[in-house]
1. Of the residues that sit in the stretch 1-41 and are part of a helix (DSSP H, G or I) and among the acidic types (Asp, Glu), which one is farthest from LEU68 (Cα to Cα)?
2. Scan the stretch 229-260 for residues that are open to solvent by less than 10 Å² (accessible area, probe 1.4 Å), touching a Phe, Trp or Tyr at 6+ places or on another chain (Cβ under 8 Å) and not in a strand (DSSP E or B) and jot them down.
3. Out of GLU101, GLU168, GLU142, I need the residue that is open to solvent by 10 Å² or more (accessible area, probe 1.4 Å) and in a loop (DSSP other than H, G, I, E, B). Which one?
4. I'm trying to understand the selection: among the residues of the stretch 104-124, which are open to solvent by 30 Å² or more (accessible area, probe 1.4 Å) and outside any helix (DSSP H, G or I)?
5. State whether one or more residues within the stretch 109-124 are free of Cβ contacts under 8 Å to residues at least 24 places away in the same chain and not charged (D, E, K, R).
6. Would you say LEU189 is over 26 Å from ASN44 (Cα atoms) and either open to solvent by less than 10 Å² (accessible area, probe 1.4 Å) or of a type in the set (A, V, I, L, M, F, W, C) (or both)?
7. Let me confirm something: among GLN76, GLN25, GLN46, which residue is in contact with a Pro (Cβ under 9 Å, 6 or more places away or on another chain) and of a type outside the set (Gly, Ala, Ser)?
8. Going through GLY133, GLY223 one at a time, which residue ends up being within 20 Å of the chain's Cα centre (by Cα) and at positive phi?
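The values are calculated or read from the model by the stated rules, or taken from the named source; none is laboratory data. Note that the coordinates shown come from a computational prediction; the quantities given were computed from them, not determined experimentally. All Cβ positions, glycine included, derive from the backbone under ideal geometry; neighbour counts span all protein chains shown. For accessibility, only protein heavy atoms count, side chains too; no ligands or nucleic acids. Shrake-Rupley method; radii C 1.70, N 1.55, O 1.52, S 1.80 Å.
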Amino acid sequence: MGGSEGRRALVTGITGQDGSYLAEQLLEKGYEVYGLVRRLSTPNTQNIHHLLERIHLVDGDLHDQASLESALRTAQPDEIYNLAAQSFVGVSFNQPVVTGEVTGLGAVRLLEAMRNRADKARFYQASSSEMFGKVLETPQTERTGFYPRSPYGVAKVYAYWACVNYRESYGLYVCNGILYNHESERRGLEFVTRKISDGVARIKLGKAKKIRLGTLDTRRDWGYAPEYTDFMWRTIQQPSPDDYIGATGESHSVREFVELAFRTIGIPDWKDYVELDPRFARPADVDHLLGDPTKAKEKLGWVAKVRFPELVKIMVEADLRRLSAER
C-alpha cells in the first residue's frame, strides 16, 4: 500500500468520531484532506478542533445534489469517504424520513456527484452491521442476507445496494465497509457505550447517582474506532473494489460493558447505580450481532487489536480526565 503523498481525500462526516480519526490518519500519510460540513449557526468542530489549520472544510449537504457536485469540483478527490449519516438507531424511529433522506438517498446523491465530477476517484461507503438486524446466521459474513430492524438499518441497506449498483453499472471504484460497533472517547454521548462511560465517571466524581439504560441484554461486537478508520483506508487501496466486514469476532453484552466500567472505578457491585428505563427501549431491537472478519484479515491484512476490556477502560478513563478538567 504505497505512497499517499499528494493524494486528495474528501471525507463526509468529518466532524464525527470516525471522520476525525480518519482525517488524522490521512494527514499522517501525506494526504490533502477536505471535509464536507453543513452550514450550522454553531459549527460542531470539537472532534477536529486540533486539525482545523491542516484541513480544508467545504460547505455541502447530503440533501443537496448541487452542493455535493460543487464540493467535488473544489476538492478534486482521489478518494471519497462517505461517513456522514443520521447515525443514531434510536432517533431513526422518531425521524424515519430524515434518516432515509440522509443515510440512504444522501449516499446516492454523493455517488451521482462522483459519477458526474470525479469518476476516477475511489469511494468508501460506511455500511453497518445494523443491516443484518434480525440475523439469519451467526457469525455474519459478507454473504449473509440482510434483515434490518430499524429505519437506520433499512436506509443503510439501500445505500449498500446503491453502491454495488454504481460499481456494476458504471464501472466506478466503490467499496462497502460493513463495520460493527466501534467506540472511543469521541463517541457521541447519546450512544450507549459513551452514556455508560460518561455516567460511570460522573458517579465516581460525585456528579451523578444513577445511569438509566433501556436494556442490559443486547450483545454487540465492539471494537476501537481508530482501528476501524485504518480499515476504511485499506479497503480502497486494493486493486479492485469489494465489500468487507470489519469486526473483532467477539460479542459482549451491555451488562458486561457496565460491569467492566464500574470495575474500572473500583465499584464491583454496580446494580444500585443502574436503572432500566422503558423510554430507552426501541420498537424493534437487534439482540445479537457478531461479525466474521476473516475476509478483511486475508485480503486487507487487517485485524482488530484492542479488545473489549481495554476499550471499556480507555473510554472510562478518558471521561474521568475530561470531567475532572471541567471541575
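1. GLU28
2. If the condition is that a residue be open to solvent by less than 10 Å² (accessible area, probe 1.4 Å), touching a Phe, Trp or Tyr at 6+ places or on another chain (Cβ under 8 Å) and not in a strand (DSSP E or B), then THR229, PHE231, MET232, THR235, ILE236, ALA247, PHE257, VAL258 are the ones that fit.
3. That would be GLU142, the only listed residue that is open to solvent by 10 Å² or more (accessible area, probe 1.4 Å) and in a loop (DSSP other than H, G, I, E, B).
4. ASP119, LYS120, ARG122, listed by residue number.
5. No, every residue in the stretch 109-124 fails to be free of Cβ contacts under 8 Å to residues at least 24 places away in the same chain and not charged (D, E, K, R).
6. Criteria not met by LEU189.
7. On the way: GLN76 fails: in contact with a Pro (Cβ under 9 Å, 6 or more places away or on another chain); GLN46 fails: in contact with a Pro (Cβ under 9 Å, 6 or more places away or on another chain).
From the options GLN76, GLN25, GLN46, the qualifying one is GLN25.
8. Numbers: GLY223 fails: at positive phi.
When all the criteria are applied, what remains is GLY133.
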